[in-house]
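Student: I'd like to ask you about the structure that follows.
The values are calculated or read from the model by the stated rules, or taken from the named source; none is laboratory data. Quick caveat, the model's predicted, so the values are computed rather than measured. FYI the Cβ positions are ideal-geometry reconstructions off the backbone, even for glycines, and counts take in every protein chain you see. Remember, those area values only see protein heavy atoms, side chains included, never the ligands or the DNA or RNA. Shrake-Rupley method; radii C 1.70, N 1.55, O 1.52, S 1.80 Å.
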Amino acid sequence: MKKITRELGFNWKLNVVFFLIISGALIAAFLASYFTSTTRFEGFSENNAISINQQIALNFESYFEENRVLMGLLEEALDEPSNTPSDIQAVLTSYQFSNPNIQSITLFDAAGAIQYNDTPTKLFRNRSDRTFIDQSLTNPLLYITTPQPGFSFYYGDTDDTLLMSKAVTYVDAGETFEGVLAFEIKLSALEAILENVYPERGGHSLLIGPNETVILSTLSNCEDATCPSVQLVLDQVIGSGFESLEDRQYYVSIQTIPQTRFRLATFMNMDVLQTTNRTLFLVIFFIFLSALVVGSVTFNLVSKAITRPLTKLQNHMKNVNHRDHLYEEVSIQGQREIVELSHEYNRMIREIRTLLKNLEKEEDEKRKTELIALQTQINPHFLYNTLDSIVGLSEQNKPQDVIDMVVSLSRFFRISISKGQAIIPIQKELEHAENYLKIQKIRYAYQFDYHFDVDAAVHQYTTIKLILQPLIENAIYHGIDQDEKSLITIAAQVDDEFVHFYVTNTGYGITQSQIETIYLNIHEDRYESVGLKNVYQRLKLYYQTQIIFEFYSELDVSTTVHIGIPKQKVEASDET
Amino acid sequence: MKRKLMLLLMFTLSGILSACQTPGDAVIPLMIYDQDDLFMQTFEASLLEASQAYGYTFDVYDANGSQLIQNNQFKDIVAENPPLILINPVDRVGVYPLIELAEQAGIPLVFFNREPLREDILSSPDTYYVGSEASQSARIQYELIEMLLEELALDVNQDGSIQTLILKGQPGHQDAEIRTDVIQTLLMSSEHAFDLLDVEVAYFDRQEATGRLLQRFTDETFHVELIVSNNDAMALGAIDALVQSGLMVNPETGDVLDRSAENWVPVVGIDGLDVAIDSIDRGLLYGTVFHNTDLMSDVITELIEALLTEADLNGLSQPLMDGRVIYIDYEAYLDD
């Protein structure tokens, strides 16, 4: 993990960190808001369901209360001592007429026989169940409400009704009787209450009386205990809570209606709650997801704006490894700090460039100094030897040789010095070699001959001075045969790349292993022959690696030293 | 650290020990229909006192006059499965679901002060009622009036009948209905001539009664010679109104008038509240029907103890009607 994070790019790291932080925060916020909302919504729905139930219960209560008040008023009217049968008839008719919710008003005597009703022409249905009469008479102070589904006192009355009855004392033609007053109250009004306040889909309400009678149901086919909703009410008796019925979630509230024997049960469909929760979940989820996406994209852009110049700078720095790009400056736009960084970088590059140039210059100076030192190394013993020879020739009285030798020596040194220049035209170098050969030929008493084989094309090029002389010196020392006269050949040619010099001497030649020893010694600073090594070092110093320096030998025939130097044209100022 | 641990341990131990101190100490839910009701306040205090004689305590619930609240409380209480529930119901007609719930849970149920329908009480084997017979209070109230008539004529305007106003409690309330009905019947069938002015509904409330009566006194022809109230609170409210209308008290001295004075109006209540007794002592309220809450509390707590210990109910100090119902007699209370 550590390794991965270490290897990740700056941009990626920023993005990952941002993503983790933001998604963490968003998930936390998401969960918090979702659960707060759903809990609140659940609480709200629960309160809503309870208050709906209470509202219906209150409506029912006031509905029954109204009827009780009405019945109380009628009871008082019936108790008037002055009542005649027509008074009683009139009061019943007017009460029924003025209250459209009351289907019928009937006055029974204590034996349960009908005495009066609101409309005498209505045909009374014989009723075998007289429980309400007995109940009313046993509890003279109570208003007894009896469900009577599918039944009514009179033929032609089709509405479903509820029976409300009370024991009364009535005065009829001066005589006081005990009796029972009965209202048939239309259920349609109660149904209206249920339907008006409970519109939710799948939600329903039940009005249940004692003895498990279903008085009202807003659910079709739900009239007895076979209906799960009714069964639930019978099991729960009263109370409220979440219940599951036939794969549906309901908030069920069962309450009694005060001063009646009825219970009201409301079933509020909580699938609505679940759907709402799901919708809520999706809505919140999408809001957060888009926030995450927008946030990440924006952040990625911002972080790229920061990291792009950095990457550019990084790539630029990588390229610096190639010498070609070393001095390139970088141009970066974007984040202020990084632009400043690039400016600093550029300043540093300029500094490095100056430093390197100085270094190169110093290096150059050093090389030149070394070169001069090496060039001057050659001269002393040759000069002594030559001067000794001149002295010898003078003693032998050979004036022509002395003259030749002194002239040659003079030219030799003129070229050697060359006004202090290290680089001279090849022609001068060849001249220098010839002067040397002349001197040596006289010194060695004409024991060898020499021959120049020069391609004219070489004259337009330059060389560092004094490279042929040490090779010739070497050829003379190692190539002179006491028995026969040897020949030293100096050849110069040009090809596409190089100017080639060949110094060949006839003689014994050397073996391949000797050649290898020479190479090794030249490279390793061990070789006694100061001359060869001196040449090699100067060539290396001046031309770096682009030189040829090799030996080849044919035993008992010849030995050749081959030097190749890069072609460098003579400039006009080089002419002497 | 160690000391803290020790302290903690000690607290825990003492908690456990105190919980163990009274093994089987039952907590009986006491459900009151409305703690704002003066009478119920007295009753509650007397019940709590009476319970001290036994090994159980009461946990009081107030329904605030709402059957809905009481239903929810009842459901919660049943879920906790107490050994017994003592309940003063809000709505006596609609309590049968509570009886059913208690029976399902096997919890004995003792009703008091408000009587459920007898059929509901008898529908379950473990339901009881302790209270008074509402009609008896009205009968005693009538006896008080008759006693007063022996002393005074009451017919101040001498029109041959006594102008009487009845103060009725909440319509539909058992006590209000029965007391009103019985006193009305007794007054009408009396050998004395009563002129029943009206039945004024004041919902058992003192201020309501004062307001209603003051409203009547705005009519200058209004003349009342006797006020019969369903309870003491309304009776005291009526006296407040009479005093404010310049009756009952000498406006100059502030002294309470003598009973024989023309401006002294007899008022009769029911319950025997402390404030009512005070009023009688001062000579304002003529009399009340004492609802003996102390005796009733003794009987209730005795019944509870018997039910908890499964003792023989026939050994109780008061006889059981139908094996379930105990009625406590009302007593007349007058200034001697």
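Student: Counting only DSSP beta bridges with both residues in segment A:360-574, tell me the antiparallel percent, nearest 5. Kindly include the intermediate steps, with their values, before the conclusion.
Tutor: On the way: 27 of 34 bridges.
Just about 80 percent of them are antiparallel.
Student: Now, a different point. Do you know the relative contact order of chain A, to the nearest whole percent, from alpha carbon pairs under 8 angstrom that are 6+ apart?
Tutor: On the way: 788 pairs, mean separation 51.0, N = 576.
The normalised contact order for chain A reaches 9 percent.
Student: Chymotrypsin sites (Phe, Trp or Tyr not before Pro) within segment A:262-371: which are DSSP loop residues with at most 14 other Cβ atoms inside 10 Å? Don't skip to the end; give the middle numbers.
Tutor: Details: sites: A:262, A:267, A:281, A:285, A:286, A:288, A:299, A:327, A:345; in loops: A:262, A:327.
Passing sites in segment A:262-371 are A:327.
Student: Under 13 Å Cα to Cα from residue B:168, which aspartates and glutamates show up? Leave out anything in the same chain fewer than 8 places away.
Tutor: Counting by Cα, and skipping residues close in sequence, residue B:168 has these aspartates and glutamates nearby: B:177, B:181, B:198, B:200, B:205, B:208, B:232.
Student: Mind checking which lysines have their C-alpha under 29 Å from residue A:13, skipping anything on the same chain fewer than 8 residues away?
Tutor: The reachable lysines, counting only those whose Cα sits under 29 Å from residue A:13, are A:2, A:3, A:304, A:312, A:318.
Student: Let me ask something else about it. Accessible surface of residue B:257 in the full protein assembly, 1.4 angstrom probe, to the nearest 10 Å²?
Tutor: Ignoring ligands and nucleic acids, residue B:257 comes out at about 40 Å².
Student: Calculate, in whole percent, how much of the Cα-Cα pair population of segment A:360-574 lies beyond 24 Å.
Tutor: Details: 9956 of 23005 pairs.
Looking at segment A:360-574, the distances longer than 24 Å represent 43 percent of pairs.
Student: Let me ask you something else. Go ahead and estimate [θ] at 222 nm for chain A from helices alone: -39,500 (n - 2.57) per DSSP H run with n ≥ 4, summed, over the residue count, rounded to 500.
Tutor: On the way: 13 runs with 301 residues, N = 576.
Roughly -18500 deg cm²/dmol at 222 nm, from the helical runs in chain A.
Student: Still on this structure, please answer the following. Could you sort A:87, B:294 by accessible area so the largest value comes first, with the probe set to 1.4 Å? Present the calculation step by step, with values, prior to reporting the outcome.
Tutor: Values: A:87 70, B:294 90 Å².
Highest to lowest solvent-accessible surface, that is B:294, A:87.
Student: Using helices alone, I'd like the mean residue ellipticity at 222 nm for chain B: each DSSP H run of four-plus residues gives -39500 (n - 2.57), total over residue count, nearest 500.
Tutor: Details: 11 runs with 146 residues, N = 336.
Using -39500 (n - 2.57) per qualifying helix, the result is -14000 deg cm²/dmol.
Student: Here's a follow-up. Rounded, prolate or oblate: pick one for chain B, where a ≥ b ≥ c are the square roots of the eigenvalues of its C-alpha gyration tensor, a/c under 1.5 means rounded, and failing that, prolate if a/b is larger than b/c, else oblate. Walk me through the numbers on the way to the answer.
Tutor: Values: a/c = 2.53, a/b = 1.93, b/c = 1.31.
Verdict is prolate for chain B.
Student: Still on this structure: With contacts defined as alpha carbon pairs under 8 Å and 6 or more residues apart, what's the relative contact order of segment B:135-290 in percent?
Tutor: Details: 277 pairs, mean separation 36.8, N = 156.
Relative contact order comes out at 24 percent.
Student: Using a 1.4 angstrom probe with every protein chain in place, what is the largest-first accessible-area order of B:204, A:448?
Tutor: So, going from the largest accessible area down, we get B:204, A:448.
Student: Ignoring ligands and nucleic acids, what accessible area does residue A:355 show with a 1.4 Å probe (Å², nearest 10)?
Tutor: 110
Student: Given segment B:135-290, what percent of its DSSP beta bridges are antiparallel, to the nearest 5? Intermediate results must be reported in sequence, preceding the final value.
Tutor: Values: 1 of 18 bridges.
Bridges in segment B:135-290 are about 5 percent antiparallel.
Student: Here's a follow-up. Which loop GluC sites (Glu not before Pro) in segment A:222-288, with loop taken from DSSP, have no more than 14 other Cβ atoms within 10 angstrom of their Cβ?
Tutor: The qualifying sites are A:246.
Student: Mind checking the dipole of segment B:170-320: about its Cα centre, +1 per Lys or Arg Cβ, -1 per Asp or Glu Cβ, Debye to the nearest 20?
Tutor: Numbers: 6 positive and 28 negative charges, 63 e Å.
About 300 debye.
Student: Relative to the longest principal axis of chain B, what angle (0 to 90°, nearest 10) does the C-alpha long axis of helix B:206-217 take?
Tutor: Long axis of B:206-217 versus the principal axis of chain B: about 20 degrees.
Student: Taking the dipole about the Cα centre of chain B, with the C-beta of Lys and Arg at +1 and of Asp and Glu at -1, give me whichever of B:308, B:129, B:251 is farthest to the positive side.
Tutor: B:308
Student: Convex hull over the Cα atoms of the protein assembly as shown, averaged projected area in nm²? The partial results should precede the final answer.
Tutor: Working: hull surface 330.1 nm².
Computed as one quarter of the Cα hull surface, the answer is 82.5 nm².
Student: By DSSP, what percent of the beta bridges with both residues in chain B are antiparallel, rounded to the nearest 5?
Tutor: Values: 6 of 42 bridges.
Counting only bridges with both partners in chain B, antiparallel ones make up about 15 percent.
Student: Counting Lys and Arg as +1 and Asp and Glu as -1, each charge on the Cβ, what is the dipole of chain A about the Cα centre in debye, to the nearest 20? Let's see the in-between values first.
Tutor: Numbers: 47 positive and 73 negative charges, 613 e Å.
Using only the charged Cβ atoms, the result is roughly 2940 debye.
Student: When a/c reaches 1.5 or more, the comparison of a/b and b/c decides; with that in mind, is segment A:3-76 rounded, prolate or oblate per its Cα gyration tensor? All intermediate terms of the calculation are to be shown ahead of the outcome.
Tutor: Numbers: a/c = 15.75, a/b = 11.13, b/c = 1.42.
Prolate.
Student: Oh, and also: Suppose every K and R has +1 on its Cβ and every D and E has -1 on its Cβ; what is the size of the dipole of chain B about the Cα centre, in Debye to the nearest 20? Spell out each step's value before the answer.
Tutor: Values: 16 positive and 57 negative charges, 341 e Å.
The dipole magnitude comes to about 1640 debye.
Student: Give the Kirkwood hydrodynamic radius (Å, one decimal) of segment A:49-272, defined as one over the mean of 1/r across all pairs of different Cα atoms. Write down the numbers at each step before the final one.
Tutor: Working: mean 1/r = 0.0539 Å⁻¹.
With all distinct Cα pairs of segment A:49-272 included, I get 18.6 Å.
Student: Continuing with this model, one more query. Mind scanning A:166/B:75; A:398/A:419; A:368/A:567; A:357/A:428; A:361/A:465; A:438/A:465 and naming the pairs with a C-alpha gap bigger than 30 Å?
Tutor: Working: A:166/B:75 32 Å; A:398/A:419 32 Å; A:368/A:567 20 Å; A:357/A:428 33 Å; A:361/A:465 22 Å; A:438/A:465 18 Å.
With Cα atoms farther than 30 Å apart: A:166/B:75; A:398/A:419; A:357/A:428.
Student: Take A:446, B:286, A:116 and sort them by solvent-accessible surface of the protein heavy atoms, 1.4 Å probe, largest at the top.
Tutor: Numbers: A:446 100, B:286 5, A:116 30 Å².
Accessible-area ranking of A:446, B:286, A:116, largest first: A:446, A:116, B:286.
Student: Taking square-rooted eigenvalues a ≥ b ≥ c of the alpha carbon gyration tensor, is segment B:14-155 rounded, prolate or oblate, where a/c under 1.5 means rounded and, failing that, a/b exceeding b/c means prolate? Show your work: numbers first, answer last.
Tutor: Values: a/c = 2.51, a/b = 1.69, b/c = 1.48.
Here segment B:14-155 falls in the prolate category.
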